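The values are calculated or read from the model by the stated rules, or taken from the named source; none is laboratory data. It should be emphasised that the depicted structure is a prediction, and the values quoted were computed from it without experimental measurement. Cβ sites come from the backbone with ideal geometry, for glycine too, and all protein chains shown count toward neighbours.
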């Protein structure tokens, strides 16, 4: 966007919303919304504390384990569903059900099955992230140019060759799109897991701050979380743009 | 079928060796008979065109020879061996080029060799040679989307040549490039047939193109597909590429083929 002939950098509108936040905070409308400056000061003061570092590492661990498993399970499953009609018929209804299901309601079941520890949190994260990755990988494979498959076949590609050298790369733009949305959903999953299953990580901090009405601490942690999710998502969007040039010409 | 035996009897002399032969090939898609009892021989070192109206099953026949489709009955022999699937004795050139959009020209050209497990440095040496041969020197590290349609098909051709198959199967290879590029391709194809001792099977829907490039033209008629006629132009091939299009035999054959196909074109 341009104002008075100046090209504004991306997301300049955040400044406007930040100013609005500051004004609302200073007016003291509600104790839920402290001024932004106070939140940022709090953020600065807690960011190096052992409690924060521990919460960050616990959350990051659960998040990265969950996302890694989702990718490792989701991409091959999606590609196989796109290639194989039978597998697709068997799995697609479940993928669609779980994609739209209120997964939070399933968390108590996971606790019974997998206990109250990190394992259940990771599985919750996977449940939030994996379905959209499967669905997008499947969609990527289904729109693949048939003659690429025939080409590989005619030059003697083994099924494994075709999988790694054709299907994966042809579906990559959709796969990356799926991973990006999956990662955003995984952030939700990991926090819900930490709040409902065992009070650790950022979930514990949220619980602690909100029950003690430490609103500026609460917002500070939330900003960190949004920032992390946003950064990862933008990085994946960047990768998507890198491969977008061939998305139209497969 | 009378025209089948007629077709088989038309080889000129016993000195022509048969590279590819199809014997009584039938193929159905559901209730639709795509090919019925089709027999055809392809002489070694020559270019045979499959020509016919759309829906006459010429691409189906080509894919059956390639081993990409299996016939419902009948069999295909390539150099005396029965075809059961794709093999290193045949290479395919695709109508839409079928290049990997995420791979450079050199990797695309070397892709057939890559799938055969040839070491990277060796296959890239071979690929470089064929990239030069098809006139794409300097574009080794370009990507397909940076090339014109004609250049892309040169990549597809170089890929098919680099695996050094005896039989080259070409599925309307020039139909997606512009008219001028196509003429250049046709001239290049003639010298390719002369210089490489390969057997070419060439599917086209252009009568002029078929007559221009072919040693043998098989006219296929549709529903169900069968060989109605085999034409072997002989008089103008040696007269040079510039004189073919005004040779009277060339013009006569074009007219004759159009006369027999006219009634099948909707």
- Task: Go through the residues of the range A:57-75 one by one and say whether even a single one is more than 24 Å from the chain's Cα centre (by Cα) and touching a residue at least 40 places away in the same chain (Cβ under 8 Å).
- Result: no
- In the range B:173-201, what residues are under 20 Å from residue B:112 (Cα atoms) and surrounded by 17 or more Cβ atoms within 10 Å (Cβ to Cβ)? B:173, B:192, B:198, B:199, B:200, B:201
- Item | Single condition residue A:198 does not satisfy, out of (1) part of a loop (DSSP other than H, G, I, E, B); (2) touching a strand residue (DSSP E or B) at 6+ places or on another chain (Cβ under 9 Å) | (2)
- Query: If we only count helices (runs of 4 or more DSSP H) wholly inside the range B:179-262, which ones have 2 or more residues that are within 25 Å of residue B:150 (Cα to Cα)?
  - Reply: B:179-195, B:207-213
- Task: Taking only the range A:130-151 into account, find how many residues are surrounded by fewer than 24 Cβ atoms within 10 Å (Cβ to Cβ), more than 26 Å from the chain's Cα centre (by Cα) and in a helix (DSSP H, G or I).
- Result: 5
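I'd like to verify a number: residues in the range B:64-83 that are in contact with a helix residue (DSSP H, G or I) (Cβ under 8 Å, 6 or more places away or on another chain) and closer than 28 Å to residue B:133 by Cβ, how many?
The first filter runs over the range B:64-83 and keeps only residues in contact with a helix residue (DSSP H, G or I) (Cβ under 8 Å, 6 or more places away or on another chain), leaving B:66-71, B:76, B:78, B:83.
After this cut, where a residue has to be closer than 28 Å to residue B:133 by Cβ as well, the list is B:66-68, B:78, B:83.
Within the range B:64-83, residues that are in contact with a helix residue (DSSP H, G or I) (Cβ under 8 Å, 6 or more places away or on another chain) and closer than 28 Å to residue B:133 by Cβ number 5.
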- Message: When you scan the range B:143-150, do you find a residue that is at pLDDT 90 or above, more than 12 Å from chain A (Cβ to nearest Cβ) and either in contact with a helix residue (DSSP H, G or I) (Cβ under 6 Å, 6 or more places away or on another chain) or buried (at least 18 other Cβ atoms within 10 Å of the Cβ) (or both), even just one?
- Response: no
- Note on the structure: Pairing a residue in the range A:212-238 that is without any contact (Cβ under 8 Å) to a residue 24 or more places away in the chain with any residue that is surrounded by fewer than 17 Cβ atoms within 10 Å (Cβ to Cβ), where Cβ atoms lie under 7 Å and the two sit 6 or more apart in sequence or on different chains, gives A:218/A:210
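Let's see how each residue does on (1) surrounded by fewer than 19 Cβ atoms within 10 Å (Cβ to Cβ); (2) closer than 11 Å to residue B:155 by Cβ; (3) touching a residue at least 12 places away in the same chain (Cβ under 8 Å):
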position	(1), (2), (3)
B:73	yes, no, yes
B:84	yes, no, yes
B:101	no, no, yes
B:104	yes, yes, yes
B:109	no, yes, yes
B:117	yes, no, no
- Query: If we keep just the residues of the range B:165-177 that are within 13 Å of another protein chain (Cβ to nearest Cβ) and in contact with a strand residue (DSSP E or B) (Cβ under 8 Å, 6 or more places away or on another chain), which is nearest to residue B:210 (Cα to Cα)?
  - Reply: B:172
- Would a scan of the range A:198-207 turn up a residue that is on the phi > 0 side of the Ramachandran plot, buried (at least 24 other Cβ atoms within 10 Å of the Cβ) and away from chain B (no Cβ under 14 Å)? yes
- Query: Looking only at the range B:84-125, which residues are out of contact with any helix residue (DSSP H, G or I) (no Cβ under 7 Å at 6 or more places or on another chain), within 28 Å of residue B:205 (Cα to Cα) and more than 10 Å from every other protein chain (Cβ to nearest Cβ)?
  - Reply: B:84, B:89
- Message: Looking only at the range A:239-250, filter to residues that are touching a residue at least 24 places away in the same chain (Cβ under 8 Å) and not in a helix (DSSP H, G or I); which one of those is nearest to residue A:14 (Cα to Cα)?
- Response: A:246
- Query: Does residue A:99 satisfy the condition of being under 21 Å from the mean Cα position of the chain (by Cα) and at pLDDT below 90?
  - Reply: yes
- Answer with yes or no whether residue A:176 is modelled with pLDDT of 85 or more, within 17 Å of the chain's Cα centre (by Cα), within 14 Å of chain B (Cβ to nearest Cβ) and in a helix (DSSP H, G or I). yes
- Assess whether residue A:163 counts as being within 14 Å of chain B (Cβ to nearest Cβ), modelled with pLDDT under 90, surrounded by fewer than 21 Cβ atoms within 10 Å (Cβ to Cβ) and in a helix (DSSP H, G or I). yes
